[in-house]
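Visitor: This is the structure I want to talk about, given as structure tokens.
The values are calculated or read from the model by the stated rules, or taken from the named source; none is laboratory data. All values reported here derive from a predicted model rather than from experimental measurement. Note that we place each Cβ from the backbone using ideal geometry, even for glycine, and neighbour counts take in every protein chain shown.
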Amino acid sequence: MTTLKESPLLGPSVETATLLGQDADRRWVELDDARRLPDDLYEAALAAGLFRTLVPAQLGGPGTTPLDWFRIGMELTWHEPSLGWVVTQGTAELGWLAAGADPVWATEVLADPLGSSATTIAGLGELTLDGPASTIAGHWAFDSGCTGATWIGGLCLVAGSTTPGGLPEVRFGLVPAERAQIHDDWNPTGLRGTGSHSTTIAIQTIDPAWTFSPFVPTANDWGSHRCLVGNGNWPIATSVAATQLGAARRALDEAKELLVTKAPAPEFVPLARNAAVQRAYLRAEGLWHACRAGVEAELVAMWDEATRDEQLSTAQRVRLFAANATANEQAVAIIETMCELTGTASLDPAHPLSRCRRDAQVLRGHLAANGQSIEYGGQVALGVLAEQTRV
């Protein structure tokens, strides 16, 4: 098998994702033990441009589309869900920053070929915007990818500022990684390699340009990439869908190998010859293809609308959210079905089926696509709720 060191990186493509994913798959125990991505793997993904697939061409982006990004995420995850999650999430981070932040600062961040950011909404910092006297302080949890990021931050309440609707203003604030503290506290059952530790920024003065809001439309003229901010949380919900569907695809493929060879007592007939197994497997295959096709179709429609109008309609946002949330739920169900059909295989913590199951279970409740967000999306879809900042 070709190794990462033996082959040149092919740029931000599915082929590169396969190469990086194979390396991560071979090293999954290392990721589990360290509870983070190895530096060389993280930097290889950065150097290949995988983190920049949502950056506009004006800022050095590769000209890829959200569909390309989604497919890269699924391929990475097929091999190692922690790698898939960190890269898809990190890509959304740089997409937000490129589209919605101060262009001078964004250019500075992206000038570093290994530049990346890690932020989280699991916490609420304090941000004072007062020119040279601007300050930030805060503590946040679940900061995926923070161990490799060059910029670290989180959601903050802006002191003394409200939105046009009268609500308190919130923005992301970031500082160079060396000015933040990472707490080594990420020790879950799944997605162990994501390095999703808690982070703290002690009160300090910052450049106000180091803040941005993904919740309001951008004044930057980035064409279709404007839709990355001010149009709900679709980048993170799509990250969830890509990661979950990649894991479900791996589970289907691993289960198929077992079903055609495993012949348990007392009949000693391959499981693949059992009618109930045949029905369950084919239904799961159909469900996976339907979920993937649904997300991909809405990503294409979304990008077409963004290219044409430089904004997204509520109807389009709801359709994409519905596809992402459904993919999250059904991918978990597919993995559970494959574990059930193959019997004791998933009891081995080293078996890919077991790894897929634990990782999917950890991610299934993510705020971007969980039950609470589905209820919110349903209210928007039914016209019960006019406010639409989260879908």
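Visitor: Suppose we filter ALA133, ALA92 for residues that are surrounded by 20 or more Cβ atoms within 10 Å (Cβ to Cβ), of a type in the set (A, V, I, L, M, F, W, C), closer than 20 Å to VAL170 by Cα and at pLDDT 95 or above; which single one remains?
Guide: Checking each option against the conditions leaves just ALA92.
Visitor: Here are ALA57, ALA118: which of them is out of contact with any helix residue (DSSP H, G or I) (no Cβ under 6 Å at 6 or more places or on another chain) and free of Cβ contacts under 8 Å to residues at least 24 places away in the same chain?
Guide: ALA57
Visitor: Next question, about the same structure. Do you know which of the residues in segment 183-218 that are farther than 30 Å from HIS79 by Cα and within 20 Å of the chain's Cα centre (by Cα) is surrounded by the most Cβ atoms within 10 Å (Cβ to Cβ)?
Guide: Out of the qualifying residues, it is PRO214.
Visitor: Got a number for residues in segment 363-379 being under 15 Å from THR238 (Cβ atoms) and polar (S, T, N, Q)?
Guide: 2
Visitor: One residue is enough: does segment 92-109 have a residue meeting the conditions out of contact with any Ser or Thr (no Cβ under 6 Å at 6 or more places or on another chain), assigned to a loop (DSSP other than H, G, I, E, B), on the phi < 0 side of the Ramachandran plot and not aliphatic (A, V, I, L, M)?
Guide: Checked segment 92-109: at least one residue is out of contact with any Ser or Thr (no Cβ under 6 Å at 6 or more places or on another chain), assigned to a loop (DSSP other than H, G, I, E, B), on the phi < 0 side of the Ramachandran plot and not aliphatic (A, V, I, L, M).
Visitor: Of all residues in segment 123-135, count the ones that are in a strand (DSSP E or B), farther than 26 Å from HIS225 by Cβ and not acidic (Asp, Glu).
Guide: Count: 4.
Visitor: Ok, one more. When you go through ALA297, ALA301, ALA331, ALA272 one by one, which is the residue that is of a type in the set (Gly, Ala, Ser) and touching a residue at least 60 places away in the same chain (Cβ under 8 Å)?
Guide: Within the list ALA297, ALA301, ALA331, ALA272, the selection yields ALA331.
Visitor: Count, please, the residues in segment 245-297 that happen to be touching a helix residue (DSSP H, G or I) at 6+ places or on another chain (Cβ under 7 Å) and basic (Lys, Arg).
Guide: Going through segment 245-297 one residue at a time, the tally reaches 4.
Visitor: Being surrounded by fewer than 18 Cβ atoms within 10 Å (Cβ to Cβ), touching a residue at least 24 places away in the same chain (Cβ under 8 Å) and not polar (S, T, N, Q): is that true of ALA180 here?
Guide: No: the conditions fail for ALA180.
Visitor: In segment 357-371, which residue that is part of a loop (DSSP other than H, G, I, E, B) and either under 18 Å from THR189 (Cβ atoms) or not assigned by TED's automatic domain parsing to the domain that holds ARG250 (or both) is modelled with the lowest pLDDT?
Guide: Here the answer is ASN370.
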